[in-house]
């Protein structure tokens with residue numbers, strides 16, 4: 001074997017460390033999942049002040065023999081930015097406290113992302129990633145998920161109550177955050193809309209938020225029968241069961257929050273055409289489709305945002321045959337579905353609010 005030294009050796013070691021870091025990236029995810037399942041964010045929050053390791057171990061009812069494990073777990077969670085560590089006065093011991101990130105993991109936080117994290121890290125949704133390479137050689141299954149489960153993600157959720165439950169809980173947690181932002185920062189989007197249909201609205205979180213902020217707007221939460229069964233929503237929100245590929249209830253506006261990225265271009269055009277038919281039957285003057293989804297763009301200097309966009313694109317390919325799209329790709333969908341102008345408002349972090357208008 002040739003000896004490697006000097007600058008070449010340093011470059012090789014850096015390359016090795018880079019590969020190792022990506023090999024073990026999953027450890028961040030699993031430690032985050034563990035922290036949520038143990039209830040660490042809520043335990044520190046309820047304590048009301050920075051919490052020492054001993055106090056945390058005691059409150060979590062962890063056996064003393066596992067205390068060293070909690071210490072090591074908190075080290076990586078602090079390193080990854082989920083918690084803060086400070087010297088606890090007056091004894092000088094380290095103590096842990098919440099930050100803006102871990103506050104989003106609290107169960108009682110209306111904007112909590114904990115249900116979404118637990119859903120995405122459940123073995124049902126993680127196992128397909130182990131078949132990704134095999135899927136590239138497969139000519140039968142549309143997604144790695146179908147290779148593993150033998151059916152589409154949507155059919156599996158219909159037949160597996162646990163997946164249906166945690167997936168809907170994850171989507172609802174996201175809708176609470178987005179719904180609050182939309183009705184507060186984008187109120188003009190809903191001006192003059194007498195009726196709105198939230199397509200794929202899940203358990204009705206977005207429809208409830210809009211109906212509460214705009215009581216004169218009649219809202220409909222539209223989703224598959226197994227999703228909306230037995231739902232109880234606010235008085236000016238009604239639930240309708242159906243299939244968006246077949247027909248969508250009429251309304252002045254159709255809302256598609258995090259829907260179209262789940263589907264191929266061909267299927268997305270079909271959905272948009274059904275939306276066009278629905279707003280044609282609406283009674284108001286202001287008719288449009290409101291889309292909340294990612295518009296992929298390269299953000300100079302923001303490596304994390306760019307990486308997250310790539311993560312979501314791979315997620316869509318692996319689980320549901322969908323994709324994330326840039327503005328050019330979105331525009332093509334709108335043209336192919338027979339729409340006219342559109343307006344993109346990048347106001348929701350990684351996602352944008354897109355208003356699409358019928359051709360005049």
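Annotation: peptides 31-41, 137-147, ranked by per-residue average of other Cβ atoms within 10 Å with the highest first, follow the order 31-41, 137-147.
With the simple spin-label model, which puts each label point 7 Å out from Cα in the Cβ direction, the residue 122 to residue 350 separation comes to 1.9 nm. Comparing Cα centroids, the stretch 304-360 and the stretch 82-154 end up 23 angstrom apart. Once you have the Kirkwood Rh of the stretch 275-360 from its Cα pairs, apply Stokes-Einstein at 10 °C and 1.306 mPa s and quote D in µm²/s. Roughly 111 µm²/s, to the nearest whole number. When shorter helices are ignored and each DSSP H run of at least 4 residues is given -39500 (n - 2.57), the per-residue value for the chain at 222 nm works out to -14000 deg cm²/dmol.
Distance from the C-alpha centroid of the stretch 11-43 to that of the stretch 237-259: 39 Å, rounded to the whole angstrom. Rounded to the nearest 0.05, what FRET efficiency is calculated for residue 285 and residue 37 with R0 set to 45 Å and r the Cβ-Cβ distance? Approximately 0.35, to the nearest 0.05. When every Cα-Cα distance of the stretch 18-166 is counted in 5 angstrom steps from zero, the calculated P(r) takes the values 2, 8, 15, 17, 15, 13, 11, 8, 6, 3, 2, 1, 0, 0 percent.
Under 8 Å for C-alpha pairs, at least 6 residues apart: give me the relative contact order for the stretch 191-233, rounded to a whole percent. With pairs under 8 Å counted, the relative contact order is 46 percent. For residue 46 and residue 212, the difference between the fully extended length at 0.36 nm per residue and the C-alpha to C-alpha distance is 56.7 nm.
In terms of packing, defined here as the mean over residues of other Cβ atoms within 10 angstrom, the peptides 165-177, 93-105, 51-63 line up highest first as 165-177, 93-105, 51-63.
Measuring r between the beta carbons of residue 15 and residue 194 and using R0 = 56 Å, the FRET efficiency lands at 0.40.
Is the shape of the stretch 157-307 best called rounded, prolate or oblate, per the rule: a/c under 1.5 gives rounded, else a/b larger than b/c gives prolate, else oblate, with a ≥ b ≥ c the square roots of the Cα gyration tensor eigenvalues? Rounded, since a/c falls under 1.5.
Label positions at residue 101 and residue 72, each projected 7 Å from the Cα along the C-beta direction, are separated by 2.1 nm.
Under a Gaussian network description of the chain, with springs only between Cα atoms under 10 Å, the residue in 244, 206, 30 that fluctuates furthest is 30. Modelled this way, with points 7 Å down the Cα-to-C-beta line, the labels at residue 79 and residue 187 are 4.7 nm from one another. Using Cα atoms only, what is the angle between the long axis of helix 265-280 and the major principal axis of the chain, expressed in degrees (0 to 90) to the nearest 10? The two axes meet at around 50 degrees. Length gained on full extension, residue 138 to residue 155: 4.1 nm, using 0.36 nm per residue less the C-alpha separation. If you plug the beta carbon distance of residue 297 and residue 343 into 1/(1 + (r/R0)^6) with R0 = 22 Å, you get a FRET efficiency near 0.90. Rounded, prolate or oblate: which fits the stretch 119-173, taking a ≥ b ≥ c as square roots of the Cα gyration tensor eigenvalues, rounded meaning a/c under 1.5, else prolate when a/b beats b/c? Taking the square roots of the gyration eigenvalues as a ≥ b ≥ c, the stretch 119-173 is prolate.
Laboratory data are not the source of any read-out in this text; all were calculated from the coordinates shown. Bear in mind that the values here come from a model prediction, so they are computed numbers and not experimental data. Ideal geometry is used to build each Cβ from the backbone, glycine not excepted, and the neighbour counts take in all protein chains shown.
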